[in-house]
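Working notes, structure below.
The values are calculated or read from the model by the stated rules, or taken from the named source; none is laboratory data. Note that this is a predicted model, so its numbers are computed, not measured. Glycine also receives a Cβ, built like all others from the backbone with ideal geometry; neighbour counts cover every protein chain displayed.
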Amino acid sequence: MPFSTFFIIHFLLYPASNGYNSYFDKDEGSIGGLEHPPPVQLELYRTALLLDVFAILLGLIISIEFAVMLFIYGLASKAYSHPAIRLKKYAIGSWFIAGFFQGFFTFLMIYVGVTPTSLFQIDQPEVWIGAALSSLMLWGSYPMTQIYQHEEDSKRGDITLSYRLGILGTFHFTTIVFGLATLGYWLYYLFYFGVIQAWLYPVFLLPVLGYFFYWYFLVRKDRSLADFHHVMRLNFISGLCLNLFFGLMIVFGH
C-alpha cells in the first residue's frame, strides 16, 4: 500500500512529530520551515497527539508491525524535545538518534509498509545497505539544519552538534560525512542498479554541491550569512534534485 504508507507518514506522523517538538521548544526565532513561528498553544500539543493516534490506527490497517514501528518512531521523536528527557540538549546523542530514526529506521518502516514482508524476514542486503546509507546522509546533513539556531538553542541549554562544531566546523563536517554518503550511494547504485544510475546520482547532486560551496565561501567572509534563508534554499535545491533523480529512476524502471 504505497499511497497509504505515504499518507500516514507524511500527513500524520511527521506533522505530529513537528507539532509536538514545536510545542516544547517554544521557538521565538526561525525554526524548521518557518521564519517567524507563531506562539505555541495547548491546541498544538493536543493536535499532535491526535495525529499520532490516527497514524497508528491507520497503520494497523496495513499491519501490526507497521503500526508498532510508527509508535516507536513517535516515542523517539517525543524524547527529542520533552523536558523530562530532552535528547536535543546532548550534541552527539541527539545527532545520532535523529539520523538513525529519520534514516535507517524510517527506511525500514516504509519498506514494511509498502511490501508484504516482515522486518524479520528481510534478507536482501540491498535493503539494509540502503537503510544505512539513508542514515549516513542524514548524519552529514543534519547539523546544517541547526547552523542558524545556535543562539536560539543555547538559550535553552541545547548544545547541538552544530553549536559544538561552530559555523565553519559544521560546513567542514557536512562536507566530509555527506561526501562519504555520496560515495556510498555511488557504489550502491553501481552494484545493485547499473553504471548509468550510478553516474546519474552525482550528476543530479551537482546543483546542491555548487550552492553549498558558494554559500560556504560567503560565510567565510560573513558569519551572519549562515542564516535561515540560505538553509531553506539549500534544502529546496537538494530536495528538488533528489526527487528528480528518484522520479527518473521510477519512470525508467530503476
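Per-structure values
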| read-out | value |
| --- | --- |
| Qualifying position, being of a type outside the set (Gly, Ala, Ser) and over 22 Å from Tyr163 (Cβ atoms), among Leu58, Leu87, Leu138 | Leu58 |
| Residue satisfying condition, being within 26 Å of Ile147 (Cα to Cα), more than 16 Å from the chain's Cα centre (by Cα), aromatic (Phe, Trp, Tyr) and not assigned by TED's automatic domain parsing to the domain that holds Ile159, within set Tyr90, Tyr80 | Tyr90 |
| Residue under evaluation Asp123, criteria (1) surrounded by fewer than 22 Cβ atoms within 10 Å (Cβ to Cβ); (2) part of a helix (DSSP H, G or I); (3) charged (D, E, K, R), criterion not met | (2) |
| Enumerated helices (runs of 4 or more DSSP H) restricted to segment 147-233, each holding at least 2 residues that are assigned by TED's automatic domain parsing to the domain that holds Phe245, more than 23 Å from Trp95 (Cα to Cα) and over 21 Å from the mean Cα position of the chain (by Cα) | 167-192, 195-221 |
| Single unsatisfied condition, Thr174 versus (1) in contact with a helix residue (DSSP H, G or I) (Cβ under 9 Å, 6 or more places away or on another chain); (2) free of Cβ contacts under 8 Å to residues at least 12 places away in the same chain | (2) |
| Verdict on Trp139 being aromatic (Phe, Trp, Tyr) and in contact with a Gly (Cβ under 8 Å, 6 or more places away or on another chain) | yes |
| Matching residues, segment 194-225, being modelled with pLDDT under 95 and in contact with a His (Cβ under 9 Å, 6 or more places away or on another chain) | Gly194, Gln197 |
| Selection from segment 236-254 of residues that are surrounded by 14 or more Cβ atoms within 10 Å (Cβ to Cβ) and either under 17 Å from Ala181 (Cα atoms) or without any contact (Cβ under 8 Å) to a residue 24 or more places away in the chain (or both) | Ser238, Cys241, Leu242, Phe245 |
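Results for (1) in the same structural domain as Tyr201 (by TED's automatic domain parsing); (2) modelled with pLDDT of 95 or more; (3) under 16 Å from the mean Cα position of the chain (by Cα), shown as yes or no for each residue.
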site: Leu57; (1), (2), (3): no, yes, no
site: Phe71; (1), (2), (3): no, yes, no
site: Gly74; (1), (2), (3): no, yes, yes
site: Phe105; (1), (2), (3): no, yes, yes
site: Pro125; (1), (2), (3): yes, yes, no
site: Leu136; (1), (2), (3): yes, yes, yes
